[in-house]
1. Could you work out how much longer the chain between B:Met128 and B:Val86 gets when fully extended? Use 0.36 nm per residue separation minus the Cα distance between them, nm to one decimal.
2. Could you work out the local net charge near B:Val363, counting Lys and Arg as +1, Asp and Glu as -1, over the other residues with Cβ closer than 14 Å to its Cβ?
3. Taking only C-alpha pairs under 8 Å that are 6+ residues apart, what is the relative contact order of segment A:7-55 in percent?
4. Out of B:Gly320, B:Gly53, B:Asn390, whose Cα points farthest toward the positive end of the dipole of the protein assembly as shown (charges: +1 Lys, Arg; -1 Asp, Glu; placed on Cβ)?
5. Could you size up the charge dipole of segment A:7-55 around its Cα centre, putting +1 on the beta carbon of Lys and Arg and -1 on that of Asp and Glu, and report it in debye to the nearest 20?
6. Which trypsin sites (Lys or Arg not before Pro) does segment B:255-358 hold that lie in a coil by DSSP with at most 12 other beta carbons within 10 Å?
7. For chain B, what relative contact order do you get, as a whole percent, if you take Cα pairs closer than 8 Å and at least 6 residues apart?
8. May I ask for the angle, rounded to the nearest 10°, between helix B:91-105 and the longest principal axis of chain B, with both axes built from Cα atoms and the value confined to 0 to 90°?
Amino acid sequence: MAKPVPVPTPETQFYWDRAKERELWLPKCGNCGRLHFSPRAFCPFCSSVDIGWIRSSGRGTVESFIINHTPGPGYAEQGPYAIAFVLLDEGIRLASNLLEVEQTPTAITIGMPVEVTFEERGEWTIPQFRPAGAAA
Amino acid sequence: MDDSPVPASGSSGVSTEIVIAGAAESERLGVIPDESIWQLAAGPTLAALAQCGLTVADVDGIASTLPVVELAYYLGMRPSWLDGTVVGGCSYMLHVRHAAAAIRSGAASVVVVAHGESGRSRVGSPPMVPNPSSAGGQFEQIYGMAGAFSSFTIPTMAYLHRYGLDETALAEVPVAQSAWASQNPRATRGKLLTTDDVLNSRMIAWPFRVLECCPRSDGGGALVLMSAERAADLDLAHPAVTVLGSGEASEAPGSSFMQDLTSFRGFRDSSAAALREAELSTEDIDHLMVYDAYAHLPFYGLEDIGFVGRGEAYEFIRSGATRPGGTLPMNTNGGGLLYAHTGMYGMFAIQEAVRQLRGDAAVPVPDVHTSLVQGVGGMFAAAGALVLAN
Ligand SMILES: [Zn+2]
């Protein structure tokens, strides 16, 4: 079974289009200046429809995580795997797997610096995170 | 001659006292391969009505997470008030709240709130299909969240880390609740547990072991609500339980979208509303049910409702305060972790609070006059709270 892929809505299409270019972008309100997630056509804080997008630094830290021993669709072959919440430097939280690191609670720690990377999944490109500097 | 409109029977506005006059669970609980979801709801509905000396013909309102039209049809009911609110396991707290408002307004006079779920055997259950274009479908499920055990649990390490606790803290929740479950013959997991029992049980999603995750059960339950005035005219099998206050709230469609991973706004808002309506504070509450599909939820519940300060829930539970003889008996049926968990557990949390207040619980709490029932729906998505009294 294949790993799941998103079905974008018109409001999230930009996020997934940029991901296909291996870029992480976040919606930002032109009125109050706040970022939000998940993407909407207006600002959930001030209801302004003046929504633009900024490119994320792609840097953040692990805010929380589990190591799942009961795999979801497409995840069975790889053994136990981490599902983390990453707090981006921009203050937005994203769910992610943690790539290029041992999938154990000793190798993965709360507060660990991470950076964005991208996973090709069929037609899709999925934002993922790995330990900061792992590409070096 | 007085030509003012005749008030609807049993209705006199917001001051009308609302009671749970009947409450029953399915006779069997756990594995029931020979009953569909409809029958699992119908059995306790008929039993709860019988406790009131009523039949389906006396009921004019129905609420359920099951499709209510089909459930009413199955029951042979002709409802004039229907509530199909489905916001996860706390839906039944919302149904009670909505039913109380409906009875006060005169929109209904006798409401059945019914639950039936074939969580284990899946007899007559609809297929579970996640929506891949929902916020969760696009931004959570794609990372291998396979079910509640691998999504509801993710905020937990942030909580434990914030308060200097480690994974072993979670084990105290089923250990403490096993002091209740081990005395309850209906509990699915009826063994008295040690910390080692829990920590050595099968890993599901680290840090959660199987004994820190709810079992999957078949079962049902039903409540019959009406005005206290109407109940006074009936020959009830058990004392009626008063609905003193209620609250409902929502935060976000998944745990990655909640504002603070260490606190649930839904718990805070719904419990505050229920206590405010009841004109009570946490010190006035004798008994607590906190929806515990997973072992971290009582930590959040105790702190978010305000029974203890931030980061104090683990020590509170470890001290024995929530066990038999403690200052705040909690999850006294054994909880969703040990008693039973059909999927939408809220009905069973309410049932236990009702039993404690009317005196027919398997493990009775002495001198109980007030109970707070706190439910959660989805993955820190929705919440409902009730304050009940005898
Ligand atoms: Zn704004």
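Derivation of every value follows stated rules applied to the coordinates shown; laboratory data play no part. As the structure is a computational prediction, the values presented were derived from the model and not from experiment. Cβ sites come from the backbone with ideal geometry, for glycine too, and all protein chains shown count toward neighbours.
1. Details: separation 42, 0.36 × 42 = 15.12 nm, distance 1.42 nm.
Additional length available on full extension: 13.7 nm.
2. Details: positive: B:Arg186, B:Arg323, B:Arg355; negative: B:Glu352, B:Asp360.
Here the charged neighbours net out to +1.
3. Numbers: 71 pairs, mean separation 16.8, N = 49.
Averaging sequence separation for qualifying contacts and normalising by length gives 34 percent for segment A:7-55.
4. Farthest towards the positive end: B:Gly320.
5. On the way: 7 positive and 5 negative charges, 28 e Å.
About 140 debye.
6. Here the sparse-neighbourhood loop sites are B:Arg310.
7. Numbers: 928 pairs, mean separation 99.2, N = 390.
Relative contact order for chain B comes out at 25 percent.
8. That helix lies at roughly 30 degrees to the long axis.
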